[in-house]
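Read the structure below first, then the notes.
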Amino acid sequence: MPRRFPDDPAPWQAFETTYLHKRPPWLVLRQQRFRLPTGGEIPEYWIWEYPPWINVVAVTPDDRLVMLRQYRPGIKDVHYEIPAGVVEPGEGLEAAARRELTEETGYGGGRWSVLTQLSANPALQDNITTAYLAEGVTQLGSACPEATEDLRVHLMPVSQVASLVDSGDMIQALHVAPLLRYLLRRR
C-alpha cells in the first residue's frame, strides 16, 4: 500500500460508466464521467481494463539473469526482456510468475519474493504489474512457450545488465524498472 500524506488530492468520483469495447483480456475499454473534488467535471475519460501482469527477475546460482528476446509488433523490433505474462483468472500472482518463468524459459525453483509493483500507465490503465525476484533458479527442463510466442532464452551475467539497459538493448519500461531496482539492492 502506498504512503498517504495529509495534503494528497481526494479521489475523483465516477458517476457514469459506459463500456465501449469488451473483448477480455486485452480489449476492454470503458468511458467514464468524473466529478473532481474541486467541483469540476470530466465528461469523457477512457480507461483500459487489463488483468494483473507479472514479471520475473530470475537469477541463477552462478549470478546470471534469465533473459528473453522476442519480436514485439507494437514497436516492430526485438529487444531483451525478462520473463513476463498475464495472471489467468483464479490464479495467484506468484503462481502466475512461476508458471510464466517455467513456460518461457524452462527455469524454476529458487527463493521467491516480491521485488516491486508498477503501473504501466496509471492515468489510463487499471492494472498493476507485480515483479518477482527469483534467486537460485535452475533449468528444470525445456521451455514450452505458447503457440503465439517465439522466444529466445539468454543467460546474462548480472554485471552486464546495466550496460544492456544503458545501450538501449532493453527498452520495455516494466522490465527495466525491476532490473534497476534489483541492481540498486545489490549495492
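Figures for the structure shown
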{"quantity": "Segment Asn121-Tyr45, extension gain: residue separation times 0.36 nm, minus the distance between their alpha carbons", "calculated": "26.0 nm"}
{"quantity": "Local net charge near Pro43, Cβ-Cβ under 14 Å (Lys/Arg +1, Asp/Glu -1)", "calculated": "-1"}
{"quantity": "Folded to 0 to 90 degrees: helix 93-105 orientation relative to the chain principal axis, Cα", "calculated": "40 degrees"}
{"quantity": "Charge dipole magnitude, Cβ of K and R +1, D and E -1 - the chain, Cα centre, debye nearest 20", "calculated": "320 debye"}
{"quantity": "Cα gyration tensor category, rounded, prolate or oblate, for segment 1-76 with a/c compared to 1.5", "calculated": "oblate"}
{"quantity": "Three principal axis lengths of segment 114-183 [C-alpha, angstrom, descending]", "calculated": "39, 32, 24"}
{"quantity": "Carbon plus sulfur fraction of accessible area for segment 65-117, probe 1.4 Å, in percent", "calculated": "52 percent"}
{"quantity": "Value at 222 nm in deg cm²/dmol, rounded to 500, when DSSP H runs of n ≥ 4 in the chain each add -39,500 (n - 2.57)", "calculated": "-5500 deg cm²/dmol"}
{"quantity": "For segment 33-112: span of alpha carbons on each principal axis (Å, largest first)", "calculated": "58, 32, 23"}
{"quantity": "Modelled FRET efficiency - R0 30 Å, His154 with Lys76, Cβ distances, 0.05 increments", "calculated": "0.90"}
{"quantity": "Gaussian network model of the chain, Cα within-10 Å springs - most flexible of Thr116, Thr18, Thr129", "calculated": "Thr18"}
{"quantity": "Antiparallel DSSP beta bridges within the chain, as percent of all bridges there, nearest 5", "calculated": "85 percent"}
{"quantity": "Within segment 105-142: backbone nitrogen closer than 19 Å to the Leu29 label point (7 Å, Cα to C-beta)", "calculated": "120-127"}
{"quantity": "Diffusion constant of segment 72-112 at 37 °C, which comes from Stokes-Einstein with the Kirkwood Cα-pair radius and 0.692 mPa s, µm²/s", "calculated": "281 µm²/s"}
{"quantity": "Among Ala14, Ala134, Ala84: highest mean-square fluctuation, GNM of the chain, C-alpha pairs under 10 Å", "calculated": "Ala14"}
{"quantity": "Relative packing of peptides 143-154, 45-56 - highest average C-beta neighbours within 10 Å first", "calculated": "45-56, 143-154"}
{"quantity": "Segment 46-113 and segment 116-148: distance between their alpha carbon centers, rounded to Å", "calculated": "3 Å"}
{"quantity": "Calculated P(r) of segment 62-148 - Cα pairs past 19 Å, %", "calculated": "46 percent"}
{"quantity": "Highest-MSF residue in the chain out of Leu65, Leu29, Leu133 [GNM, Cα springs under 10 Å]", "calculated": "Leu29"}
{"quantity": "For Cα extents along the principal axes in Å, calculated from these coordinates, the label among (1) 64, 36, 27; (2) 70, 36, 26; (3) 58, 40, 33", "calculated": "(3)"}
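The values are calculated or read from the model by the stated rules, or taken from the named source; none is laboratory data. Here the structure is a predicted model, which is why all the values come from computation and not from measurement. Backbone-built Cβ (ideal geometry, glycine too); neighbour counts: all protein chains shown. For the accessible areas, the whole protein counts, side chains as well, though only heavy atoms, and no ligand, DNA or RNA atoms are used. Shrake-Rupley method; radii C 1.70, N 1.55, O 1.52, S 1.80 Å.
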